[in-house]
Amino acid sequence: MASTIGSLIFDDAEELDFVGPWEVFTMSNETRDHLRDATPKDRVLTVSQNGGTIKCAKGMRVIADHSFADCPPIDVLLVPGGQGTRREVENPAMLEWIAKTAVNCTWATSVCTGSLLLTEAGPAAGRRVTTHWGFADQLTARGKATVLKNVRYVRDGNVVTAAGVSAGIDMALWLG
């Protein structure tokens, strides 16, 4: 069965946190084509608060496919990390959208410090999570989740958090 995978993007998101999993998810579709697999293709899209262009952490500009207002239902939510998470954790519209969207997702996921947003919004609150090693103590201090260190990714129910860039790719391979 095909899934709709929505990658949340915001200013100062870490590019590889969402581009790495994007490559995994879209390559899966290409592999199905090559194998003449009749399995329906996954739909992979980007979502930002207002749509339009987002400037990522290293300067890459990405045009969101959808805004929060016109985003179709998604089955897999991917929340990237990056310095922008420190700002977005104070953005009620962002946290509300994550919370509302994750309720209907098969999987709510994050890469790196995206776990901060997933925890603050509620889907990862009270669960076991991981994050980038350099942010683990800060996330632990917030007291809203049990932060596991020295693991690539953690699944707790339908929430999957990955420690960093390459772990996000591993997580996407596991999901695929």
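Rule-based calculations on the coordinates, nothing more; no lab input. In this text, all values refer to a predicted model and were calculated from it rather than measured experimentally. Neighbour counts are summed over all protein chains in view; Cβ atoms, including those assigned to glycine, are modelled from backbone coordinates with ideal geometry.
Quick look at the values:
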read-out	value
Set of aspartates and glutamates near Lys41 by C-alpha distance (under 19 Å), chain-local residues within fewer than 8 positions excluded	Glu23, Glu30, Asp33, Asp65, Asp75
For the chain, share of DSSP beta bridges that run antiparallel, in % to the nearest 5	30
Residues with amide H under 5 Å from that of Val129, placed H, sequence gap 5 or more	Thr146, Val147, Leu148
Selected from Arg86, Arg142, Arg127 as most flexible by GNM, with the chain as the system and alpha-carbon contacts under 10 Å	Arg142
Cross-link reach list, lysines versus Lys144, counting only Cα pairs under 20 Å and skipping chain neighbours closer than eight places	Lys100
Only Lys, Arg (+1) and Asp, Glu (-1) charged, at Cβ; segment 84-176 dipole about Cα centre in debye	180
Average Cα contact separation per residue, segment 1-108, under 8 Å, 6 or more apart, as relative contact order %	35
Label of the coordinate-derived value, Cα Rg over 2.2 N^0.38 Å, listed as (1) 1.22; (2) 0.96; (3) 1.05	(2)
FRET efficiency estimate (nearest 0.05) - Cβ-Cβ, Ala2 to Arg86, R0 35 angstrom	0.50
Relative contact order of segment 129-173, defined on C-alpha pairs under 8 angstrom at six or more residues apart (%)	39
Amide hydrogen neighbours beyond the local backbone of Arg43, cut-off 5 Å, H modeled	Ser3, Thr4, Ile5
